[in-house]
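Asker: What follows is a structure written as structure tokens; I'll ask about it next.
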Amino acid sequence: MKKIIHGLLVLMSTQITAVSAGTFHPFIDVLAWRAAETSSAWAETISPVLTTSNNVNQSYLSFNTRPGLKLGLTYQSDDNDIDSTFYWTNFSSGSSATIPFGDHIIASLFFSGSFFLSGGVFFGSYANWQLAMNMFDWDVSHSFKPVPTVTLTPKLGVKGGSINQNINIDWQSLTYTANEKVTNNFSGIGPSFGMNAKWNVLKELNVVGDVTTALMYGRWNNNDTYHRPAGLVTEQTIFTSMNQSKLGTLMMDYYVGLQWVHEGQSRVSLNLGYEMQYWAGQLRWLAVQQFPPLGDLTIQGATCGITIDL
């Protein structure tokens with residue numbers, strides 16, 4: 001993997017330094033994305049308490065649509081039609097949920113706070129879940145026209161960055177409120193490859209599509225800390241952790257949209273489209289029922305941006 005990444009970096013550096021003239025295209029995209037994750041259950045509720053017939057339900061956290069940002073710069077060579085693009089994607093989201101104090105028993109689905117380790121019996125709970133993604137992409141590409149109205153651009157690059165997730169839970173018992181903090185922090189780097197297609201339907205209007213795949217060397221740092229304060233019961237702290245690494249972590253990115261191009265003193269391009277990112281096996285909580293569960297992360301929504309030629 002290191003040799004592959006090193007070779008890609010050498011190729012990109014060679015393409016950039018080998019040309020004597022070119023055009024810079026800075027761009028900015030405003031994102032309205034929503035994250036969704038499988039295996040995101042955090043609590044199990046058994047109700048009612050004083051009956052022989054009980055209902056067992058799991059509570060899940062879901063995200064709302066949140067803003068994000070993508071900033072980048074493309075260098076287009078005038079000599080050999082090789083483009084080099086570097087961009088940064090930032091997206092964060094959060095969610096919270098409450099199980100009111102009531103006639104039911106609540107159990108943590110995480111390892112440290114589970115009844116088997118903590119012995120805690122809870123009747124109410126509040127959870128807050130945060131997700132933060134920072135990704136950096138660098139790729140080189142070359143465009144060609146199989147027909148006059150269609151432009152195809154294969155690309156090869158490197159993707160790297162982090163996706164950090166943490167959940168903070170208050171577990172309410174009759175005599176105390178315990179706290180559990182769980183983190184699922186991912187970092188990775190690896191080669192990416194893809195294809196961009198542009199169809200010129202009118203003089204200034206294009207239909208654009210893009211598919212990109214990355215196979216990353218990823219590392220997960222997972223921690224789970226349960227703390228019960230001192231009071232009518234003895235103070236208790238349970239800590240578990242797990243570090244994992246995997247070669248070939250899959251990420252796929254899909255985009256389809258419209259591009260409007262205006263030719264004036266500077267060439268300005270406006271784009272509006274839909275983008276979806278799929279991260280396989282991104283969620284790896286320290287959980288009770290499975291160790292660890294693998295949950296796929298999907299981030300999708302609208303992308304609106306502008307590109308200006310300098």
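The values are calculated or read from the model by the stated rules, or taken from the named source; none is laboratory data. All values reported here derive from a predicted model rather than from experimental measurement. Virtual Cβ from ideal backbone geometry, glycine too; neighbours counted across all protein chains shown. Please note that ligands, DNA and RNA were not included when accessible areas were found on the heavy atoms of the full protein model with its side chains. Shrake-Rupley method; radii C 1.70, N 1.55, O 1.52, S 1.80 Å.
Asker: Being in contact (Cβ under 8 Å) with a residue 24 or more places away in the chain and open to solvent by 40 Å² or more (accessible area, probe 1.4 Å) is the requirement here; does THR177 meet it?
Answerer: Judged against the criteria, THR177 is a match.
Asker: Could you grab the pairs with beta carbons closer than 6 Å, sequence gap of 6+ or different chains, first residue in the range 107-126 and under 12 Å from THR177 (Cβ atoms), second one among the hydrophobic types (A, V, I, L, M, F, W, C) and open to solvent by 60 Å² or more (accessible area, probe 1.4 Å)?
Answerer: These pairs meet every condition: PHE123/PHE101; GLY124/PHE101.
Asker: Just give me the residues in the range 200-243 being open to solvent by 60 Å² or more (accessible area, probe 1.4 Å) and among the β-branched types (Val, Ile, Thr), in sequence order.
Answerer: VAL211, THR234, THR237
Asker: Examine the range 186-199 for a residue that is touching a residue at least 60 places away in the same chain (Cβ under 8 Å), open to solvent by less than 40 Å² (accessible area, probe 1.4 Å), out of contact with any Cys (no Cβ under 7 Å at 6 or more places or on another chain) and of a type in the set (Gly, Ala, Ser), and state whether such a residue exists.
Answerer: The answer is yes, given that some residue of the range 186-199 is touching a residue at least 60 places away in the same chain (Cβ under 8 Å), open to solvent by less than 40 Å² (accessible area, probe 1.4 Å), out of contact with any Cys (no Cβ under 7 Å at 6 or more places or on another chain) and of a type in the set (Gly, Ala, Ser).
Asker: So for the range 111-129 (the condition being open to solvent by 10 Å² or more (accessible area, probe 1.4 Å), part of a strand (DSSP E or B) and at pLDDT 95 or above), does at least one residue qualify?
Answerer: yes
Asker: Can you work out which of the residues in the range 237-258 that are at pLDDT below 95 and of a type in the set (S, T, N, Q) is farthest from the chain's Cα centre (by Cα)?
Answerer: THR240
Asker: While we're looking at this one, here's another question. Does the range 264-280 hold any residues that are open to solvent by 40 Å² or more (accessible area, probe 1.4 Å) and among the hydroxyl-bearing types (Ser, Thr, Tyr), and which are they?
Answerer: First pass over the range 264-280, keeping only residues open to solvent by 40 Å² or more (accessible area, probe 1.4 Å): 264-267, 270, 272, 274, 276, 278.
Matches in the range 264-280: SER266, TYR274, TYR278.
Asker: Mind checking which residues of the range 296-310 are surrounded by 15 or more Cβ atoms within 10 Å (Cβ to Cβ) and either over 12 Å from the mean Cα position of the chain (by Cα) or among the hydrophobic types (A, V, I, L, M, F, W, C) (or both)?
Answerer: Scanning the range 296-310 gives LEU297, ILE299, GLY301, ALA302, THR303, GLY305, THR307, ASP309.
Asker: For the range 271-280, indicate whether the set of residues that are part of a strand (DSSP E or B), within 30 Å of GLU180 (Cβ to Cβ) and among the hydroxyl-bearing types (Ser, Thr, Tyr) is non-empty.
Answerer: Yes: the range 271-280 contains one or more residues that are part of a strand (DSSP E or B), within 30 Å of GLU180 (Cβ to Cβ) and among the hydroxyl-bearing types (Ser, Thr, Tyr).
Asker: Considering each of VAL233, VAL256, VAL211 in turn, give the residue that is more than 21 Å from VAL182 (Cα to Cα) and outside any strand (DSSP E or B).
Answerer: Within the list VAL233, VAL256, VAL211, the selection yields VAL233.
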